[in-house]
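The values are calculated or read from the model by the stated rules, or taken from the named source; none is laboratory data. None of these values were measured; they are calculated from a predicted model. Positions of Cβ are backbone-derived with ideal geometry, glycine not excepted, and every protein chain shown enters the neighbour counts.
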Amino acid sequence: MLQHRFIESVRRQPDKLAFIDRSTGQNVSYSRALLATLILARRFRKLERGRIGIMLPTSSAAALSVVGAVMGGLTPVMINYSTGPAKNCRYARQQCDFSVIITSRQLLEKTGCETLPGMLFIEDILLKLGSYEKALAACKAKLPLSWLCRLSGKADLDKPAVILFTSGSEKEPKAVQLTQRNLLSNIDSFSDMMDIYGMDNLLAVLPYFHVFGLTINLWTPLCIGMTSITYANPLDFKIIAGIIRDDKPQLIVGTPLFLEGYLRQSKSGDFSSVELAVTGADKCPESLRRQFMDKHGIDIIEGYGTTETSPVISANPREANKPGSIGRPIPGVEIRIQHVDTGEACPTGEVGKIFVRGDNVMQGYLNDVEETAYRIQSGWYDTGDLGYLDDDGYLWHKGRLKRFVKIGGEMVSLVAVEETLNAVTPESVECCAIELPDSRRGSRIVAVTSETVDAQKISKKMSEELPNLALPKQFVTVREFPRMGSGKTDFRSLTNLVHQLDEGGAENGKPS
């Protein structure tokens, strides 16, 4: 059990720091963390039964709240505060049937979120701890290991350990139930493959409402006894580059957008402590890989995962990195490439749908038997992604099936359009290809760029790589792309935004 692994870490090294919290300036040892989680577990048990909402930025308080909930027999429901906190709170309650949400006043102020009924503030809870509950927690902490583990929850690997929501970048978020077995299998397999057991600390800046942050930045270090160097906002690039320089984490994990931001704000030598830099959730540009190596001598390791797989499916081994690929399956995970139309297994090198099987695959979508049965068939999870396996067993990602558009009877990959667009525009320009309705063809491709570009010139260059059918028929400038909490582009919001601009008659570049 996750909480049992945490307790074992406490017993091995009670005085070691579990958290260096750079947002609050507080350091929390493993022994203090245990006392705090025992108190929170008792408090939370009195507040809720079954599930409890948690909406807190990455911090020691957020991590302790999650652990406290699990130790109290509750399933934490992690709420995304980056894409409309009040709306997401209501949606989570509606989907998951709970009332109490643990949050903070500072977060509500920063996000402009109203105080909703049932919200409790973590700062109030931590400031109003009675002497009796402190003494009770201290007594529990001294119990024999087996007794303490039993007190924090019986061993039940099929018990839900968290509920997370899918990104909602393409449609309404789904509530994903991940069990103890799911998370533990992923932690063990990722840690084995990446060989991180000898590392002392890691940078933890990813939001805990995102599976990448919850598994790798929260539970992994607690389970194996590392120090988490936490900071609340992964977009504070300059501050985080300074944290990496000053606090010297050995492991950093982030999306390409975040790593690029830290790179820009760093100087040569600032990342000298970093032994391993892992990226996922979005394709890693070759330019980012090259710049990290040139400036810091760090070879970025790319992996692949989904919310439904806890998250890691594959990763490049440190000693056998194959840039451009998303690596080999982690231990205990099987990958099958299936023909889109026939459902037959694809031979090596042929692109098809990516299916995954293993202990990391979710229990299912909460209260959605139909969607669960559609996505999990005979134990195989349909990722909705396209890719292929090469002769060495490495997986190559070719985009989302939903990010294909049918034009003139042909299927065109928006990812392929984006890759070509990126190749012919300056590195400072962010690019995206989206689909808009077209009265003549049914659909048309629109190129969205963060800076104004010469549409005719770019189109001419793109025509050397793509058929005419795949060329953007319109160029639109959007200075700042909408983002999900993980840093990924919010395709749904971006498409809606461009559609509104299009209907409003905005002046957009149209290649001749």
Determine whether region 322-330 contains at least one residue that is outside any loop (DSSP other than H, G, I, E, B), in contact (Cβ under 8 Å) with a residue 40 or more places away in the chain and basic (Lys, Arg). yes
For a quick check of your reading: which strands (runs of 3 or more DSSP E) sit entirely within region 161-265 and have at least 1 residues that are farther than 26 Å from Arg22 by Cβ and in contact with a helix residue (DSSP H, G or I) (Cβ under 9 Å, 6 or more places away or on another chain)? 175-179
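Looking at region 59-78, which of the residues that are hydrophobic (A, V, I, L, M, F, W, C) and in a strand (DSSP E or B) is surrounded by the fewest Cβ atoms within 10 Å (Cβ to Cβ)?
Filtering first and then ranking leaves Met78.
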Failed item in (1) over 25 Å from the mean Cα position of the chain (by Cα); (2) buried (at least 17 other Cβ atoms within 10 Å of the Cβ), with Glu133 passing the rest: (2)
Would you please list the contacts, defined by Cβ atoms under 9 Å and residues six or more apart or on different chains, that run from a residue in region 279-297 that is in contact (Cβ under 8 Å) with a residue 12 or more places away in the chain to a residue that is of a type in the set (Ser, Thr, Tyr) and surrounded by fewer than 18 Cβ atoms within 10 Å (Cβ to Cβ)? Lys295/Ser268; His296/Ser268; His296/Ser272
How many residues does region 142-152 contain that are touching a helix residue (DSSP H, G or I) at 6+ places or on another chain (Cβ under 6 Å) and in a loop (DSSP other than H, G, I, E, B)? 1
Search result, residues across region 41-58 that are touching a Ser or Thr at 6+ places or on another chain (Cβ under 6 Å) and either of a type in the set (S, T, N, Q) or in a helix (DSSP H, G or I) (or both): Thr58
Within region 241-279, which residues are within 27 Å of Cys432 (Cα to Cα), within 18 Å of the chain's Cα centre (by Cα) and hydrophobic (A, V, I, L, M, F, W, C)? Ile252, Val253, Leu257, Phe258, Leu259, Ala277, Val278
Within region 441-492, residues among the hydroxyl-bearing types (Ser, Thr, Tyr) and without any contact (Cβ under 8 Å) to a residue 60 or more places away in the chain come out as Ser443, Thr449, Ser450, Thr452, Ser459, Ser463, Thr477
Restricting attention to region 374-429, and to residues there that are modelled with pLDDT under 90 and assigned to a loop (DSSP other than H, G, I, E, B), which single residue is farthest from Val351 (Cα to Cα)? Ser428
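Conditions (1) touching a residue at least 60 places away in the same chain (Cβ under 8 Å); (2) of a type in the set (Gly, Ala, Ser); (3) in a loop (DSSP other than H, G, I, E, B); (4) touching a Cys at 6+ places or on another chain (Cβ under 9 Å), marked per residue:
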| position | (1), (2), (3), (4) |
| --- | --- |
| Asn80 | yes, no, yes, no |
| Arg90 | no, no, no, no |
| Ser99 | no, yes, yes, no |
| Ile102 | no, no, no, no |
| Gln106 | no, no, no, no |
| Glu114 | no, no, yes, no |
| Pro117 | no, no, yes, no |
| Lys134 | yes, no, no, no |
| Lys140 | yes, no, no, no |
In region 461-485, which residues are within 18 Å of Ala423 (Cα to Cα) and exposed (fewer than 14 other Cβ atoms within 10 Å of the Cβ)? Glu464, Pro467, Asn468
Condition set among the polar types (S, T, N, Q) and in a helix (DSSP H, G or I), scope region 290-319, selection surrounded by the fewest Cβ atoms within 10 Å (Cβ to Cβ): answer is Gln291
Which condition number does Arg403 fail, the rest of (1) surrounded by fewer than 17 Cβ atoms within 10 Å (Cβ to Cβ); (2) under 19 Å from Ala281 (Cβ atoms); (3) among the basic types (Lys, Arg) being met? (1)
Residues (modelled with pLDDT of 95 or more, touching a Pro at 6+ places or on another chain (Cβ under 7 Å) and not in a strand (DSSP E or B)) located in region 266-287: Ser273, Val274
All conditions in (1) more than 26 Å from Gln363 (Cα to Cα); (2) surrounded by fewer than 23 Cβ atoms within 10 Å (Cβ to Cβ); (3) of a type outside the set (A, V, I, L, M); (4) free of Cβ contacts under 8 Å to residues at least 40 places away in the same chain are true of Ser191 except (1)
Which residue out of Asn360, Asn321 is under 18 Å from the mean Cα position of the chain (by Cα) and at pLDDT 95 or above? Asn360
Select from region 210-239 the residues that are aliphatic (A, V, I, L, M), under 16 Å from Thr279 (Cα atoms) and surrounded by 24 or more Cβ atoms within 10 Å (Cβ to Cβ) and write down the one among them that is nearest to the chain's Cα centre (by Cα). Val211
Ala373 vs (1) exposed (fewer than 12 other Cβ atoms within 10 Å of the Cβ); (2) among the hydrophobic types (A, V, I, L, M, F, W, C); (3) touching a helix residue (DSSP H, G or I) at 6+ places or on another chain (Cβ under 9 Å): all pass except (3)
Considering every residue within region 21-35, establish whether at least one is under 15 Å from Leu164 (Cα atoms), without any contact (Cβ under 8 Å) to a residue 60 or more places away in the chain and either under 24 Å from the mean Cα position of the chain (by Cα) or surrounded by fewer than 23 Cβ atoms within 10 Å (Cβ to Cβ) (or both). no
